[in-house]
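Remarks on the structure that follows.
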Amino acid sequence: MLASESTTTPHAARVDEPARAIMPSADPCIERFVFLIHPLDMRDVIRYEPQAANKRETLVKKVLEWMPSNIVSHVTGIESATGKRAEGWFSLVPLLPSQFVDFPREQVYEKVLAAARLGHANGARIVGLGGYTSVVGDAGQTLADRLEGKIAVTSGNSYTIATSLQGALEGARRLGMNLEDCRAAVVGASGSIGSVCARLIARKVKHMTLVARNAGRLRNVAEVIRAECGKVCDIETEIAPGVRDSDIVITATSSTGNIIRPDDLKPGALVCDVSLPHDVCREVATARPDVLVIEGGLAEVPGKNPDFGFDFGYPQGVSLACMAETIILALEGRYENYTLGRGIKIEQVEEISRLADKHGFKLAGLRSFDRVVTDDEIGAVREAARLRRKGVPPVYSFREGVV
């Protein structure tokens, strides 16, 4: 996510230039963090650099490639329920998801390291990894190794899992689902986030489907689930057949987005999209009024007036859960590597949930395609699903506001 000149902090260090400290408060009692961000797609670039709308994408990508990592905002106003306070910075890694994937690994590492060092120069003692910055380098492990203990690192995936499960279960409840009769599917079930989501939700539903490209890895996850709760999971390597019969779908992949299409989902399904960029294509919002898609991993940050100094498209004080995990650990004074690597422990998910409650973080309600979901809208989804099951095509979509 790119900031315009009006919101961008002036200094932007070259990759090989020592980071320069800017804007820290003088209060020694405030805990400090930095969180790494990047544009998710061209819409993010255009949103904050409108002149990019008239440029070819190839040219914009080249500009991003040349652009140094830089601080884009100062985060203030965060106060825990315990009275502890925190401030932080958003540090930009100017790469699109495709560039994270396609560029030489060392080139990507250098930009991510430069962004982390900028935060450290400001006094941050922990760095959180947003978007694809948590995908490269073994989910933060390589970055932590290269920072050599100068600043703690967390991918934020533990609290992402916790809030996503909370959101999925709340959405299912509001749709009137009985979990004991439901089938759940996890897309990306062999990944670090997806596998833990699968292990946790498998304890609550009747049937379970694991979806990912590698059948061998899925079988390993299935064996863990069978050992933990006695549930026998179905395995599928293709998305459409994997989610077609599922009441609840949790999708947590590292794809570049739009892999779940309108025709893939059953009437009345709930989809919790944990991925950034989102796995569910926006066509679902209008083509399937009988399906509820919610964004996973959003939390309300405590404080009288939390100010991120940056517009993520969420209401004031609402953050991504991976960002919230970074803030929680700072408030707790836990300046240690926390969620790193592919093997996330359920105990970590449970612990960060307890710490979130302690400091006053809350699930940020239910949101669908960048907007809050109301009870009336959920009622409309239920009615559209009832009609579709009877073979009557829904003629009303609350998302379009037309009949």
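The values are calculated or read from the model by the stated rules, or taken from the named source; none is laboratory data. Keep in mind it's a predicted model, so treat the numbers as computed, not measured. Please note: Cβ atoms are built from the backbone with ideal geometry, for glycine as well, and neighbour counts cover all protein chains shown.
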Item to check | Number of the condition not met by Ser158 [criteria: (1) buried (at least 23 other Cβ atoms within 10 Å of the Cβ); (2) closer than 28 Å to Arg261 by Cβ; (3) in contact (Cβ under 8 Å) with a residue 40 or more places away in the chain] | outcome: (2)
Next on the checklist: Show me the helices (runs of 4 or more DSSP H) entirely contained within the stretch 1-116 in which 2 or more residues are β-branched (Val, Ile, Thr) and either at pLDDT 90 or above or in the same structural domain as Gly309 (by TED's automatic domain parsing) (or both).
Outcome noted: 42-48, 57-66
Checklist outcome for this item: Scanning the stretch 54-77 for residues that are surrounded by 15 or more Cβ atoms within 10 Å (Cβ to Cβ) and more than 18 Å from Leu36 (Cα to Cα) gives Lys55, Val60, Lys61, Gly77
Next on the checklist: Looking for something assigned by TED's automatic domain parsing to the domain that holds Glu170, assigned to a strand (DSSP E or B) and more than 30 Å from Ser80 (Cα to Cα) - is there at least one such residue anywhere in the stretch 372-379?
Outcome noted: no
Checklist entry - So which of Asp311, Asp357, Asp290 is closer than 29 Å to Ser98 by Cβ and acidic (Asp, Glu)? => result Asp311
Checklist outcome for this item: How many residues of the stretch 132-143 are in a loop (DSSP other than H, G, I, E, B) and buried (at least 24 other Cβ atoms within 10 Å of the Cβ)? The answer is 1
Item to check | Residue under evaluation Ala330, criteria (1) touching a Lys or Arg at 6+ places or on another chain (Cβ under 7 Å); (2) closer than 14 Å to Thr160 by Cα, criterion not met | outcome: (2)
Checklist outcome for this item: Within the stretch 227-270, the residues that are outside any strand (DSSP E or B) and under 11 Å from Val211 (Cα atoms) are Cys233, Thr237, Glu238, Ile239, Ala240, Pro241, Gly242, Val243, Ala252, Thr253
Next on the checklist: Taking the conditions exactly as written (modelled with pLDDT of 95 or more and either over 27 Å from Ala356 (Cα atoms) or assigned to a loop (DSSP other than H, G, I, E, B) (or both)), does Val224 satisfy them or not?
Outcome noted: yes
Item to check | Residue in the stretch 85-106 that is nearest to the chain's Cα centre (by Cα), counting only those that are closer than 19 Å to Asp138 by Cα and of a type outside the set (A, V, I, L, M, F, W, C) | outcome: Pro97
Checklist entry - Any chance the stretch 144-155 includes a residue that's under 22 Å from the mean Cα position of the chain (by Cα), surrounded by fewer than 21 Cβ atoms within 10 Å (Cβ to Cβ) and hydroxyl-bearing (Ser, Thr, Tyr)? => result no
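Residue-by-condition table, conditions (1) free of Cβ contacts under 8 Å to residues at least 60 places away in the same chain; (2) within 17 Å of Lys62 (Cα to Cα):
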residue: Ser80; (1), (2): no, no
residue: Asp102; (1), (2): yes, yes
residue: Arg117; (1), (2): no, no
residue: Arg125; (1), (2): no, no
residue: Tyr132; (1), (2): no, no
residue: Leu143; (1), (2): yes, no
Checklist entry - Quick check, is Glu300 among the charged types (D, E, K, R), within 24 Å of Leu355 (Cα to Cα) and crowded, with 23+ Cβ neighbours inside 10 Å? => result no
Next on the checklist: Return the residues of the stretch 243-286 that are buried (at least 23 other Cβ atoms within 10 Å of the Cβ) and hydroxyl-bearing (Ser, Thr, Tyr); say none if nothing qualifies.
Outcome noted: Ser246, Thr251, Thr253, Ser275
Next on the checklist: Take the conditions touching a strand residue (DSSP E or B) at 6+ places or on another chain (Cβ under 7 Å) and either crowded, with 19+ Cβ neighbours inside 10 Å or in the same structural domain as Arg334 (by TED's automatic domain parsing) (or both) and apply them to Leu129. Does it pass?
Outcome noted: yes
Next on the checklist: Cβ contacts < 9 Å: first residue on the phi > 0 side of the Ramachandran plot and loosely packed, with under 14 Cβ neighbours inside 10 Å, restricted to the stretch 226-242; second residue outside any loop (DSSP other than H, G, I, E, B) and of a type in the set (Val, Ile, Thr), any location; separation 6+ or different chain. Result?
Outcome noted: none
Checklist entry - In this structure, does Arg342 turn out to be farther than 30 Å from Pro267 by Cα and touching a residue at least 24 places away in the same chain (Cβ under 8 Å)? => result yes
